[in-house]
Amino acid sequence: MGDYDLLADAEGTPGDEWEEIDVTDTEADRIARKRDRQFLEFTERIKDADQFKVEDSVFDEATLGALYKLVQDGHIDAFGGPLSTGKEANVYLAQGPDAEVAVKIYRINASDFRAMRDYLDGDPRFEGIGSDKKKVVVAWTKKEFANLSRARDAGVRVPDPIATERNVLVMEYLGQGDDRARRLNEVEVENPQVAYEVVREYMRRLHRAGLVHGDLSEYNIVVHEGELTILDLGQAVTVHHPNHQEFLERDCRNVAAFFARQGADADADSLLEFVTSEGE
């Protein structure tokens, strides 16, 4: 790993400017209900593709409607294979109009549904969501898109969010073909002090933008084209969330512990003070 350039400082301070997330039926739901000939042909092509044949739990009719809408809107030209699978979501490689993209599909019947609620409850953007599983997962997907946009605007290197429809998120793919960007736990960190200073600056910029990652560790920080990039902002909460301080302290412990093991001068208390400081 080489040196890392920090982006320009973010402007503004966190506030209550978040827009309420709309979890009513989307065009994807209407497409799935209508089930016209073109949509049915699309679903047959997807279900016949080798990379999707064992994914019945992911590709319900409304999810297929979301993918169909994203194709219609020009965000996806062709689908590739899976990049990762998890309890909450699968990520697939796809071809966009200009470059490869990552397509993240959240399961409506996610096994970690209650864990999602812990992050949504208390977030001012998601008041009144209730306990409907579909609404919670749709809100989570839109939340990740909003968090990625906020982080990017704050000068934090994250995958560029491209589009979202229902429980599907399209974003920048970090890698080339099957060669995805490597997580910090998968590489030898050549200059751990520099890398640590970049990550702590990213954490401070997130905090100044009103966000706390909430699950930050070496498992969701990757190296891509000589830059450190932060992934998985679905669970990130605003600084107005009642548990934001607990989440931030946990992030600091995880990050400081990893870089200390790599030989950097890092400890959780100093990191927390830096992230929450008002200085330059």
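General observations
- Cβ-defined net charge surrounding Ser217, 11 Å radius [Lys, Arg +1; Asp, Glu -1]: -1
- The angle between the Cα long axis of helix 37-48 and the longest principal axis of the Cα atoms of the chain comes to about 60 degrees, rounded to the nearest 10.
- Local net charge near Asp73, Cβ-Cβ under 15 Å (Lys/Arg +1, Asp/Glu -1): -1
- Taking 10 °C and 1.306 mPa s as conditions, segment 208-266 diffuses translationally at an estimated 129 µm²/s according to Stokes-Einstein applied to its Kirkwood radius (Cα pairs).
- Per residue solvent-accessible surface (Å²) - the chain, probe of 1.4 Å: 47
- Rounded to the nearest 20 debye, the dipole size of the chain about its Cα centre is 1120 debye, using +1 on the Cβ of Lys and Arg and -1 on the Cβ of Asp and Glu.
- Estimated from helical segments only, the mean residue ellipticity of the chain at 222 nm is -12000 deg cm²/dmol, where each DSSP H run of four or more residues counts as -39500 (n - 2.57).
- Atom-type composition of the exposed protein surface of the chain places 43 percent of the accessible area on carbon and sulfur (1.4 angstrom probe).
- For segment 132-138, 3J(HN,Hα) computed residue by residue from phi via the Karplus equation (6.51, -1.76, 1.60; θ = phi - 60°) reads 5, 4, 4, 5, 5, 5, 4 Hz, glycine and proline entered as x.
- Cα long-axis angle, helix 192-208 against the chain (0 to 90 degrees, to the nearest 10): 70
- Phi to ³J(HN,Hα) by Karplus 6.51 cos²θ - 1.76 cosθ + 1.60 over segment 253-258, Hz, x for Gly, Pro: 5, 5, 5, 5, 5, 4
- Simple Cβ-charge dipole of segment 137-280, Lys/Arg +1 and Asp/Glu -1, about Cα centre, in debye nearest 20: 540
The values are calculated or read from the model by the stated rules, or taken from the named source; none is laboratory data. The structure presented is a predicted model; accordingly, all values stated were derived computationally and were not measured. A quick note on method: Cβ atoms are made from the backbone with ideal geometry, for glycine too, and the neighbour counts reach across all protein chains shown. Keep in mind that these areas ignore ligands, DNA and RNA; they rest on the heavy atoms of the full protein, side chains included. Shrake-Rupley method; radii C 1.70, N 1.55, O 1.52, S 1.80 Å.
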